[in-house]
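These notes concern the structure reproduced below.
The values are calculated or read from the model by the stated rules, or taken from the named source; none is laboratory data. This one's a predicted model, so the numbers in the text were calculated from it and none came from an experiment. No Cβ is skipped: glycine too gets one built from the backbone with ideal geometry, and neighbour counts run over all protein chains shown. Surface areas here come from the heavy atoms of the whole protein model, side chains and all, with no ligands, DNA or RNA. Shrake-Rupley method; radii C 1.70, N 1.55, O 1.52, S 1.80 Å.
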Amino acid sequence: MQREETSQTFDKRTVSLRKFIVCFLWLITGLKCTTGLPNREFTVQTGGSLIIPCHYERKYIEHKKYWCFDAKGAYNYCSILAYANETKGKVSVIDHPDQSFFIVTMRNLQYEDTGSYWCAVEIEGITWDVTEYLHLTVQSVPDVSVVSSSVSGHEGGDISVECLYSSGYQNKTKRWCRYKDQSCYTVGRTDTSQNSSVQIIDDGRRSFTVLMTGLRLTDSGWYFCSVGKQEAPVQLTVTGPKCTTGSANRVFTVQTGGSLIIPCHYERKYTEHKKYWCFDAKAAYNYCSILAYANETKGKVSVIDHPEQSFFTVTMRNLQYEDTGSYWCAVEIEGITWDVAEQLHLTVQSAPDVSVVSSSVSGHEGGDVSVQCLYSSEYQKKVKQWCRYKDKSCYKVGRTNTSQNSSVQITDDGKRSFTVLMTGLRLTDSGWYFCSAGKQEALVELNVTGVLTTEGFERNRDYLYLEVWIPAVVLLMVIVIVMSAVILKKHNRNELVTEVNRDEASDAGNGASSSSALAENDVTYTSVTVQPKTKVSSPASVENDVTYSSVKVQSKTKEDEVAYSSVFK
């Protein structure tokens, strides 16, 4: 092992010097100041790792702990490789004051790591540190080892540990011991309590097996297989009981590639609690994986909570063979109390054992619905039922009157299906049901809607006037007004055009009458002056009062034009 001469080593030797003086004084009185033989011996394969627990008394919880090494077994000159809760090189030391021990982990061990080690608690002053002496040998093949250095089990369950030893230890005593109290068990069976025991079986060759049954939570801790003086550490962890409910409360089979909707009811007091959908292929609730919480979708799983009805629905799509296993509808409870859970088991196979033609049916209040449930040949003689999830009320083959005007009738054809007929439906019949044959279930959601009564019809007719006819009449009036405005505008435009045409025609008529006198000549007046008269003249004199200053006649190709340069009247 690569080591550095650090200040820690110097401090250790300084402290050791003081303690050596004490030891020297003891030597004068005849006391021997040597460590003696190691308390524990280990062999580890080259390149391997080793985890060692070091126990101490509770009164030393606040003291410093360290891991020390010396190749020649001299504690006074050992090098501190690491103090508690630090890692140096390939050595880590972790203190567990709540359990009164610290753990030393050494990795990638080589031949030069062979030597003496000490679990040590530092004591201030001239008093010796509290130590435990161990010896480690690193070699190509360990003398004693275990297949696994860490095992776990459930309360009430069993665990087994396989301990291996070399041929040189074939005739040595085999034991299974606990570090904490150094209690050991030898080959054979030992009952440790009314329901638990430790049994050791030696095959006489190269291994022996330890079987612990009826595990208790207090069995957790560090143990070791020992053969002669050689040890191999093993950590045992015991958790709470394996939470299986025995057989699942509900059992389903679904066709490969199919879907499934499952309702999960809960008490109203859990309305505000978290809900989730959990899965484990081996039916161990303690180790189930939460696939989704309420009101979220993950992968092919959706969970929707309906707090007003005290249930949540789980939808799983595209189910495959690997989805076979145990599931739990669960409500999360804070603290150390177990969550409230209901176990279900789902099997995905090529053809379901029990199924329905339709998983959702609907009807009107007072009406009827029928549901066809299918089952495989092996369920031919099983009890057939139609059950409601909410109150777990079930109906078997035959007719059952559920009220004065309603009934449930189940008819089994004795082959591969049975039919459920519900008559006189009530609004309260809405909810989740299932067909069952034996323990297998197939889910059905029933929705019952209301019907229109005479009073309701009259009320709806009034609403019809208010909501349909009045808006329709208003719309029609708007259309009429708009069209009238368009027509009126168009009519006014036509009248205007007619008026203009009429004016043009009148002008054309006047032009025609004047042009009759001047049919052959166009007259152009260059200037006209009207002079007032003093008296009324006779028609003859009126004509004579007009004086033409000049008249010029221009010849035209068609007709002559008369041009008046000036006219005085």
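What to note about this one:
- The HN-Hα couplings worked out from phi for the stretch 210-220 by the Karplus form 6.51 cos²θ - 1.76 cosθ + 1.60 (θ = phi - 60°) are 9, 10, 10, 10, x, 4, 10, 4, 6, 6, 4 Hz, whole numbers, x standing for Gly and Pro.
- Once the Cβ-Cβ distance of residue 320 and residue 286 is raised to the sixth power relative to R0 = 25 Å, the FRET efficiency obtained is 0.50.
- Subset of 300/439; 300/415; 269/392; 275/300; 415/439 violating a 24 Å alpha-carbon distance limit: 300/439; 300/415
- Accessible surface of the stretch 274-337 [probe 1.4 Å, protein heavy atoms]: carbon and sulfur percent: 54
- Estimated distance in nm for a label pair at residue 64 and residue 393, the labels positioned 7 Å out from Cα along Cα-to-Cβ: 7.7
- Neighbourhood net charge (12 Å Cβ-Cβ; Lys/Arg +1, Asp/Glu -1) for residue 425: -2
- 14 Å cut-off, amide nitrogen to a point 7 angstrom out along residue 347 Cα→Cβ, residues in the stretch 378-401: 378-380
- The slack in the chain from residue 451 to residue 193, taken as 0.36 nm per residue of separation less the alpha-carbon distance, amounts to 86.0 nm.
- Taking the square roots of 5 times each eigenvalue of the Cα gyration tensor of the stretch 123-251, largest first, gives ellipsoid semi-axes of 31, 22, 14 Å.
- Rolling a 1.4 Å probe over the heavy atoms of the protein chains gives the stretch 97-167 an accessible area of 43 Å² per residue.
- Taking all protein chains together and rolling a 1.4 Å probe, residue 379 ends up with roughly 30 Å² accessible.
- The mean sequence distance of close C-alpha pairs (under 8 Å, at least 6 residues apart), as a share of the length of the stretch 110-207, puts its relative contact order at 18 percent.
- In Hz, Karplus ³J(HN,Hα) per residue of the stretch 394-406 (6.51, -1.76, 1.60; θ = phi - 60°; x = Gly, Pro): 10, 10, 9, 4, x, 10, 10, 7, 8, 6, 4, 10, 10
- Cα-based shape type of the stretch 267-397, given that a ≥ b ≥ c are square roots of the gyration tensor eigenvalues and the cut on a/c is 1.5: oblate
- The modelled label-to-label distance between residue 201 and residue 358, using points 7 Å beyond Cα along the C-beta direction, is 6.0 nm.
- List 186, 239, ordered by accessible area with a 1.4 Å probe, largest first: 186, 239
- Note on residue 239 and residue 403: the model spin-label points, each 7 Å out from Cα along the C-beta direction, lie 4.9 nm apart.
- The Cα center of the stretch 371-434 and the Cα center of the stretch 153-216 differ in position by 56 Å.
- Taking 0.36 nm per residue of separation and subtracting the current Cα-Cα distance, fully stretching the chain between residue 272 and residue 71 would add 65.9 nm.
- Local charge for residue 203 was computed over the other residues whose Cβ lies under 15 Å away, with Lys and Arg +1 and Asp and Glu -1, and equals +2.
- Amide H partners (placed H, <5 Å) of residue 402, local residues excluded: 407, 408
- Amide H to amide H, with H built 1.01 Å from N, residue 174 comes under 5 Å of 187, counting only residues 5 or more places away or on other chains.
- Neighbourhood net charge (13 Å Cβ-Cβ; Lys/Arg +1, Asp/Glu -1) for residue 270: -3
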